[in-house]
Amino acid sequence: MGFGGMFHVKLHGQDAMARAADEKLVSRRIKLPKRIVERPLAQVSKRLLMALFVLWLTVMIVWLDRGGYHDNANGSVDFLDCVYYATVTLSTTGYGDIVPYSDSARLMNILLITPLRVLFLIILVGTTLEVLTERTREEWRLNRWRKNLREHTVVVGFGTKGRSALQTLLATGLQKEQVVIVDPSAKVIDMANAEGFTGVVGDATRSDVLLRAELQKARQIVIATQRDDTAVLVTLTARQLNRGAKIVAAVREEENAPLLRQSGADAVITSASAAGRLLGLSVLSPSAGTVMEDLIQQGSGLDLIERPVTRAEAGKSVRETGDLVVSVLRGHRLLPYDDPHASPLQLTDRVITIVRAAPPHSPPVTLGPAE
């Protein structure tokens with residue numbers, strides 16, 4: 001059995017057991033961005049103050065009409081008796097030792113004290129009701145999120161590489177609602193939630209975790225794990241779940257890049273080699289290194305973009321486009337700008353050009369070719 005077959009059998013067996021065991025925990029491991037709410041201590045303190053205010057108001061109502069009440073012990077009602085009556089009345093205990101006997105006292109009980117009793121009970125059970133309501137609301141939000149999520153981006157690993165990749169995608173117009181973060185650390189997912197992203201806690205090498213991120217419906221997948229072997233397994237699992245998504249993965253060692261491509265990655269970035277080449281270039285030519293770093297940083301200075309060929313550019317040479325074209329993408333072939341086959345441009349081509357970075361929500365400024 002080959003490499004892919006062994007992993008397929010292993011992962012398939014794990015999937016069946018994991019999905020059965022984790023079915024009840026799915027909603028707990030998907031964390032949608034939280035709305036800003038008061039701290040629990042502040043909520044409890046506010047409800048306690050409201051309850052005390054209702055109690056005090058009831059005591060004052062009874063005290064002002066104390067002549068209309070009768071105490072079975074001694075017949076008269078003092079201030080302590082008013083507090084006692086208000087307490088047992090609001091808590092619905094009602095021992096019956098102090099009772100209203102005048103018409104005005106009974107009318108006040110009907111019009112004021114009974115509504116205050118209901119309000120007091122609502123305040124006391126408000127925390128429980130809020131918990132139940134919040135749980136129902138979260139379930140509803142989760143179901144709506146699953147239903148509406150389409151053509152989104154899944155980022156596996158929210159470390160330095162994952163954050164940088166996501167910042168670049170956001171700078172090009174990707175909405176935070178269209179991003180799902182997958183990471184084994186609950187603290188990392190909490191940080192992602194604080195920034196407005198939906199997160200899934202779990203091991204991304206397991207297909208049930210990726211299914212919770214709705215990876216089967218994703219348009220593009222960014223794999224930025226800390227270990228190369230983990231990246232290979234995640235890539236293999238992701239490609240099995242989604243045959244059409246674009247998968248971009250990062251590895252530390254260049255020798256592992258072919259293995260990721262065999263596992264299904266469309267593009268593989270070798271982080272250690274890329275950083276080393278940039279260091280070497282900066283030693284040989286600091287200015288050239290600065291330009292390369294500028295091109296890598298999205299949204300500042302110069303940017304590299306890929307765009308389709310316009311109808312006005314079709315049939316013309318690369319130099320006649322008016323842009324600083326670096327390469328031409330024709331089908332699956334990437335042609336250098338000076339390749340004889342790059343010109344004339346075809347309407348189905350795409351060109352990679354260098355542009356001047358524009359402010360947010362503004363189109364980039366194209367640069368003309370050097371004379």
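The values are calculated or read from the model by the stated rules, or taken from the named source; none is laboratory data. None of the values given here were measured: they were computed from a predicted structure. So basically every Cβ, Gly included, is an ideal-geometry build from the backbone, and we count neighbours across all protein chains shown.
L215 passes all but one of (1) of a type in the set (A, V, I, L, M); (2) within 15 Å of the chain's Cα centre (by Cα); (3) farther than 20 Å from R146 by Cα; which number fails?
(3)
Can you tell me which condition I354 does not meet? The list is (1) part of a strand (DSSP E or B); (2) modelled with pLDDT of 80 or more, and all the others hold.
(2)
If you check every pair at least six apart or on different chains, which have Cβ atoms under 8 Å apart with a residue in segment 125-148 that is at pLDDT 70 or above first and a residue that is in a helix (DSSP H, G or I) and loosely packed, with under 11 Cβ neighbours inside 10 Å second?
Within 8 Å, no pair qualifies.
Check off (1) under 23 Å from L149 (Cα atoms); (2) without any contact (Cβ under 8 Å) to a residue 24 or more places away in the chain; (3) part of a helix (DSSP H, G or I) for L174 and give me the number that stays unchecked.
All conditions pass for L174, except number (3).
Here is a yes/no grid of residues against (1) modelled with pLDDT under 50; (2) assigned to a loop (DSSP other than H, G, I, E, B):
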| site | (1), (2) |
| --- | --- |
| R19 | yes, no |
| M50 | no, no |
| N74 | no, yes |
| V77 | no, yes |
| V83 | no, no |
| G96 | no, yes |
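Which one of these is aliphatic (A, V, I, L, M), outside any helix (DSSP H, G or I) and buried (at least 16 other Cβ atoms within 10 Å of the Cβ): V154, V62?
Working: V62 fails: outside any helix (DSSP H, G or I).
Only one candidate qualifies: V154.
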